[in-house]
Amino acid sequence: MITASILQTAYNKLYSEFRNYVWNFDIVELLAELEIKVYQTFPDMDEVKNKFQKLKRQVGFTDAFQDELLKDTFDNFEDIAYGVDSIYVNLKSFKEVVML
């Protein structure tokens, strides 16, 4: 179990490496879909893994995938995404529950 922010940090590192290249529309669209899944309050890890695998498959066909830094960020994200089965979120504020 990890916090959603750990997954989001791994995504941000992946995104920062992606910014070093010009990508076709399909890859940009897959990256955006992954970002949407990662930044949900309670990400569905099966959906995150699915989007990630589609993205990795498409990027794997490009010359950019030969870059070690890009590969390392993919591996790091994959380790985090596949190393957990559930996510928890720290609540910033709460309201008291009153039972009647």
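Among what's in the stretch 41-61 and is without any contact (Cβ under 8 Å) to a residue 24 or more places away in the chain and either hydroxyl-bearing (Ser, Thr, Tyr) or surrounded by 11 or more Cβ atoms within 10 Å (Cβ to Cβ) (or both), pick the residue that is farthest from Tyr21 (Cα to Cα). Lay out the reasoning, then the answer.
Start the filter on the stretch 41-61 by keeping residues that are without any contact (Cβ under 8 Å) to a residue 24 or more places away in the chain, which leaves 44, 46-47, 50-51, 53, 56-57, 60-61.
Next, from what is left, pick out any that are either hydroxyl-bearing (Ser, Thr, Tyr) or surrounded by 11 or more Cβ atoms within 10 Å (Cβ to Cβ) (or both): 44, 47, 50-51, 53, 56, 60.
Numbers: Asp44: 28, Glu47: 25, Asn50: 23, Lys51: 20, Gln53: 19, Lys56: 15, Gly60: 14 Å.
The qualifying residue farthest from Tyr21 (Cα to Cα) is Asp44.
Please go through the stretch 27-46 and pick out each residue that is under 13 Å from Ser86 (Cβ atoms) and either among the hydroxyl-bearing types (Ser, Thr, Tyr) or in a helix (DSSP H, G or I) (or both).
If we filter the stretch 27-46 for residues that are under 13 Å from Ser86 (Cβ atoms), which is where we start, we get 42-46.
Matches in the stretch 27-46: Met45, Asp46.
Only one of these conditions is not met by Leu30: (1) at pLDDT below 90; (2) farther than 16 Å from Ala4 by Cβ. Which number is it?
For Leu30, the exception is condition (1).
Can you tell me which of (1) open to solvent by 70 Å² or more (accessible area, probe 1.4 Å); (2) of a type in the set (A, V, I, L, M); (3) under 16 Å from the mean Cα position of the chain (by Cα) is the one Leu69 doesn't meet?
With respect to (1) open to solvent by 70 Å² or more (accessible area, probe 1.4 Å); (2) of a type in the set (A, V, I, L, M); (3) under 16 Å from the mean Cα position of the chain (by Cα), Leu69 is out only on (3).
Would you confirm, using the coordinates I've provided, whether Gln8 is modelled with pLDDT under 95, open to solvent by less than 70 Å² (accessible area, probe 1.4 Å), assigned to a loop (DSSP other than H, G, I, E, B) and polar (S, T, N, Q)?
Answer is no for this residue.
The values are calculated or read from the model by the stated rules, or taken from the named source; none is laboratory data. Bear in mind that the values here come from a model prediction, so they are computed numbers and not experimental data. Counting neighbours? That spans all protein chains shown, and the Cβs are built from the backbone with ideal geometry, glycine included. Ligands, DNA and RNA are excluded from the accessible area calculation, which covers all protein heavy atoms including side chains. Shrake-Rupley method; radii C 1.70, N 1.55, O 1.52, S 1.80 Å.
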